[in-house]
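To start, the structure itself, in structure tokens.
We did not get these values from a lab; they are worked out from the coordinates using the rules stated. Quick caveat: nothing in here was measured; it's all calculated off a predicted structure. Using ideal geometry, Cβ is built from the backbone for each residue, glycine included, and neighbour counts are taken over all protein chains shown.
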Amino acid sequence: MAVDSFGALQLAVNNADIAPTRAPVGELDIDDWKRVINVNLSGVAYGLRYQIPALLHSGGGSIVNISSTLGTNGGLNAAA
């Protein structure tokens, strides 16, 4: 783990984003959808699970979560 190598954690950045194949939501491949959810949502949750305790142990810090603009703006055949 990074804390063991570098000392206390003070900053964490979660930046993972993949997009499904563009198609109407009713035609999306379910395995493709699951892969996107696993990377974009679960990936952040997995990171936070370890980042939060490490930051609290070091007295605090910051976490930056970066998302795709498709998550806020959407688009034709781009399920958000």
Next on the checklist: Relative contact order of the range 11-54, please, whole-number percent, based on alpha carbon pairs below 8 angstrom and at least 6 residues apart.
Outcome noted: 46 percent
Checklist outcome for this item: Charge dipole of the range 11-54 built from unit charges on the beta carbon (Lys, Arg +1; Asp, Glu -1), centred at mean Cα; most positive-end Cα among VAL13, PRO24, SER42 is VAL13
Next on the checklist: If the only charges are +1 at each Lys and Arg Cβ and -1 at each Asp and Glu Cβ, what is the size of the charge dipole of the chain around the Cα centre, to the nearest 20 debye?
Outcome noted: 160 debye
Item to check | Sites LEU56 and ILE30 - FRET efficiency at Förster radius 41 Å, r taken between beta-carbons, to 0.05 | outcome: 0.65
Checklist entry - What is the diffusion coefficient of the chain in µm²/s, taking the Kirkwood radius over Cα pairs and the Stokes-Einstein relation at 20 °C with a viscosity of 1.002 mPa s? => result 149 µm²/s
Next on the checklist: Using 0.36 nm times the number of residues separating GLN10 and ARG22, minus their current alpha carbon distance, what extension gain do you get?
Outcome noted: 0.6 nm
